[in-house]
Amino acid sequence: MPSQKDKTSDVILISPITRAYWTYLPFALLYLSSYLESYGISTKIIDLKIRNKERYIDFKNRYIDTVLKSIKESKPLLIGLTCFTSEYNLTMELAQTIKNKTNIPIVVGGVHPTLRPQEFIFPGSPIDFVVIGEGETPLFTLVNVLKNKYSFEKLKSAAYLGNNNKIQVNGVCNVEKDLSKFPMPNYDKIDMNFYVQPCTGHIRTLLLSGVQIITSRGCPYSCNFCANNYLRSKNKDCPSVRYRPIDQIIEELELLVKKYKIDGFYVIDDCFMILKERTVEFCEKLIRKGLNLVWGAETRVNFVTDEKLLRLMKKSGLIQLDFGVESGSPSMLKEINKQQTVKQIEAAFKLCRKVGIRTFANIMFNLPNETEEDVILTEKLLNDIKPSVLGMALTVPLLGTKIYEEYVFPKLTPPEYELYNKSPYYKIVDDRFMLAKHTIDFKKLMAKLRLKYGLFGGISLSPIYLRKLIKSKYLRIYIIKFIKERIKDLIYLFSDIDRVYIHSKIRNLVMPIVQKFRNLKEAN
Ligand code: B12
Ligand code: SF4
């Protein structure tokens, strides 16, 4: 049982301030918390959300106050922070603020610390430990070492400042082989009412009260824009994909329905549907349990080839499949090592349409060495597959990816990690991020494609979906939010029309006149 006395906790885990708007569950912290608590180590998660109309500056003050107050009250043995590359500077800032008030050790884990432990461990750093890789067991060991005052040499998959004032790294990146030993995420530790509210973030663009779930960790592919492969390649002894027991997942969903009244869920596995027999087992058990949930998932086109399987998935509540289509150009698909063909993309979309499953196509522009012809091929592919929902983004060479290693020179310095926070949607925020060879106006291109395929994707007339909404305790919120979403659609529609047509028309009218004036000026 947890050793919770009054308000004290052995470990405090803190969500970064950047995640104040996210409707994605803080899975890393939830899993770490439930594993530690299964061994009687009490934990607290600070996961603050910005309030309606709260100014960011007020939120930031509230966030810092809450963190410091909580540390004072809980008197923890250890404070844990989590960090993507984009969050590096804010994480260091937060750690320093904490260290100015207390001497309690701070550990950081997550993608960036795993990739660059040396950027956290150096003389004078406010961070005391880095956990490298998946954190459950290394964090448990760290807590035990601190509790029992053992030597740091006992730490595993961890880094700290050695006696010589140099970083000491013990062991390799941790990849947990057996996921069955981990209890389900510790949902009670956070404000689940916030997370289960109907929003369009669970199943992209569809209003739904739900959560994300993880059924497996890892991916056997190596797309070179994805950091996954690099993280995994640091530990070659472990299987790339590890699975949670299906019964545990079903039990988790049952609890989420009973306790939080969710209407659906979204599978955020790195690579879902790898093993057909597992997908079948999952769907059959979902049907047998009678939870009547609507669900969506992200997968790869090469896994969607079997009509019977797709029909079973639909029967179990599947409404939408999201695909990383990325490009319609065979040479681009090869360039990014996507290991999928245009034919496979076309076939998967065709099959989904036949069975009646919505499709989400994610497209990446600004791929390495992309030419105008590659973009035209992507436009052509979209015309063929006609996704129910279209997502587009410009490729950003992330730290820990092959494209970062190959194309970004000079490499980013830590203050420059802030570049990852700037909107990557339609703008190249730094010359080093320009990977394409053409000079197409991305903003206009994306506005044009959104007008063609991306509008009103949030509307679904699927009977299982509509039935779910009508019976839901959130029906009133669904109606209000549905109207708000359609107003947003209209605003986007007009701004896209403006970008594609009006802007260019005005430009075409005005520019020759401006040019004439310029010529006149030069002549004088
Ligand atoms: C779901 C997801 C999201 C969700 C958020 C989920 C969440 N609450 O964390 C959303 C959609 C919001 C999101 C956003 C972004 N994401 Co994202 N996301 C993922 C994804 C697919 C899964 C993350 C997850 O929940 N994993 C499950 C948990 C259990 O694993 P985990 O987070 O790795 O945590 C384990 C360890 O890392 C470690 N650990 C983590 N924290 C801590 C803390 C302590 C104290 C300890 C001891 C250990 C520890 O232990 C955990 C348990 O084993 C990953 C891919 C991946 N496989 O990691 C990308 C990924 C993390 N995202 C990535 C990126 C780039 C982003 C964005 C920047 C994208 C963008 N351009 O907007 C934004 C971040 C914006 C910002 N301002 O920071 C990159 C990160 C690369 C990098 N170098 O940082 C990844 C790796 C994908 C990729 N493209 O390569 N993301
Ligand atoms: S399939 Fe997805 S998770 Fe796997 S390497 Fe490619 S982008 Fe990353």
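Among the residues of the range 235-249, those that are of a type outside the set (Ser, Thr, Tyr) and farther than 22 Å from Lys189 by Cβ comprise Asn235, Lys236, Asp237, Cys238, Pro239, Val241, Arg242, Pro245, Ile246, Asp247.
Do we find that Lys261 is away from ligand 1 (no atom under 15 Å from the Cβ) and either small (Gly, Ala, Ser) or in contact with a Ser or Thr (Cβ under 9 Å, 6 or more places away or on another chain) (or both) in this structure? Answer is yes for this residue. Of everything in the range 255-307, what is in a strand (DSSP E or B) and of a type in the set (Phe, Trp, Tyr)? Give them in sequence order. The answer is Phe265, Tyr266, Phe272, Trp295. Among the residues of the range 383-405, the ones that are within 24 Å of the chain's Cα centre (by Cα) and either of a type outside the set (S, T, N, Q) or surrounded by fewer than 17 Cβ atoms within 10 Å (Cβ to Cβ) (or both) come to 16 in all. In this entry, Tyr266 passes the filter for residues that are closer than 26 Å to Ile470 by Cα, within 16 Å of ligand 2 (Cβ to nearest atom) and crowded, with 19+ Cβ neighbours inside 10 Å.
What about Pro397, is it part of a loop (DSSP other than H, G, I, E, B) and within 27 Å of Tyr465 (Cβ to Cβ)? Steps first, answer last, please.
Values: part of a loop (DSSP other than H, G, I, E, B): yes; within 27 Å of Tyr465 (Cβ to Cβ): no.
So Pro397 does not fit the description; no.
Take the conditions (1) exposed (fewer than 15 other Cβ atoms within 10 Å of the Cβ); (2) closer than 30 Å to Ser209 by Cβ; Asp498 misses just one of them, which is (2).
Residue pairs whose Cβ atoms lie under 7 Å apart, sitting 6 or more positions apart in sequence or on different chains, and linking a residue in the range 194-212 that is among the hydroxyl-bearing types (Ser, Thr, Tyr) to a partner that is in a strand (DSSP E or B), are Tyr195/Val211; Thr200/Leu206; Thr200/Leu207; Thr205/Val389.
Among the candidates Leu275, Leu256, which residue alone is within 16 Å of ligand 2 (Cβ to nearest atom) and touching a Phe, Trp or Tyr at 6+ places or on another chain (Cβ under 9 Å)?
Working: Leu256 fails: within 16 Å of ligand 2 (Cβ to nearest atom).
Result of the check over Leu275, Leu256: Leu275.
Listed by first and then second residue, the pairs linking a residue in the range 295-310 that is outside the structural domain of Lys354 (by TED's automatic domain parsing) to a residue that is buried (at least 23 other Cβ atoms within 10 Å of the Cβ) and of a type in the set (Asp, Glu), with Cβ atoms under 7 Å apart and 6 or more places separating them unless they lie on different chains, form an empty list. Of all residues in the range 215-258, those being more than 13 Å from ligand 1 (Cβ to nearest atom), among the charged types (D, E, K, R) and touching a helix residue (DSSP H, G or I) at 6+ places or on another chain (Cβ under 8 Å) number 2.
Confirm whether Met332 is assigned to a strand (DSSP E or B), surrounded by 19 or more Cβ atoms within 10 Å (Cβ to Cβ), aliphatic (A, V, I, L, M) and modelled with pLDDT of 95 or more. Break it down into steps so the answer makes sense when it comes.
Working: assigned to a strand (DSSP E or B): no; surrounded by 19 or more Cβ atoms within 10 Å (Cβ to Cβ): yes; aliphatic (A, V, I, L, M): yes; modelled with pLDDT of 95 or more: yes.
No.
Just to be sure before I move on: is Pro245 surrounded by fewer than 16 Cβ atoms within 10 Å (Cβ to Cβ), within 16 Å of ligand 2 (Cβ to nearest atom) and either within 22 Å of the chain's Cα centre (by Cα) or not assigned by TED's automatic domain parsing to the domain that holds Tyr24 (or both) in the structure I sent? It is false that Pro245 is surrounded by fewer than 16 Cβ atoms within 10 Å (Cβ to Cβ), within 16 Å of ligand 2 (Cβ to nearest atom) and either within 22 Å of the chain's Cα centre (by Cα) or not assigned by TED's automatic domain parsing to the domain that holds Tyr24 (or both).
Would the range 28-44 turn up any residue that is assigned to a helix (DSSP H, G or I), at pLDDT below 95 and out of contact with any Leu (no Cβ under 9 Å at 6 or more places or on another chain)? Working first, answer last.
Going residue by residue through the range 28-44, those that are assigned to a helix (DSSP H, G or I) are 28-38.
Adding the requirement that they be at pLDDT below 95 leaves none.
No.
Scanning the range 19-59 for residues that are of a type in the set (Lys, Arg) and surrounded by 15 or more Cβ atoms within 10 Å (Cβ to Cβ) gives Arg19, Lys44, Lys49.
Considering only the range 341-381, state which residues are among the β-branched types (Val, Ile, Thr) and part of a helix (DSSP H, G or I).
Taking the range 341-381 as the starting set, the residues that turn out to be among the β-branched types (Val, Ile, Thr) are 341-342, 345, 355, 357, 359, 363, 371, 375-376, 378.
Val342, Ile345, Val355, Val375, Ile376, Thr378 - these are the residues of the range 341-381 that are among the β-branched types (Val, Ile, Thr) and part of a helix (DSSP H, G or I).
So in the range 339-382, with the set limited to residues that are among the basic types (Lys, Arg) and within 29 Å of Ser316 (Cα to Cα), which one is surrounded by the most Cβ atoms within 10 Å (Cβ to Cβ)?
Arg358
Per the listing Ser240, Ser216, the residue uniquely crowded, with 17+ Cβ neighbours inside 10 Å and farther than 17 Å from Gly296 by Cβ is Ser240.
Checked against (1) under 21 Å from the mean Cα position of the chain (by Cα); (2) under 30 Å from Ala393 (Cα atoms); (3) not charged (D, E, K, R), Leu253 passes all but a single condition, namely (2). In summary, Ser157 fulfils each of the numbered conditions (1) closer than 19 Å to Ile214 by Cα; (2) buried (at least 16 other Cβ atoms within 10 Å of the Cβ); (3) in contact with a Cys (Cβ under 8 Å, 6 or more places away or on another chain) with the single exception of condition (1).
The values are calculated or read from the model by the stated rules, or taken from the named source; none is laboratory data. Quick caveat, the model's predicted, so the values are computed rather than measured. Methodologically, a virtual Cβ is constructed for each residue, glycine included, from the backbone with ideal geometry; neighbour enumeration extends over all protein chains shown.
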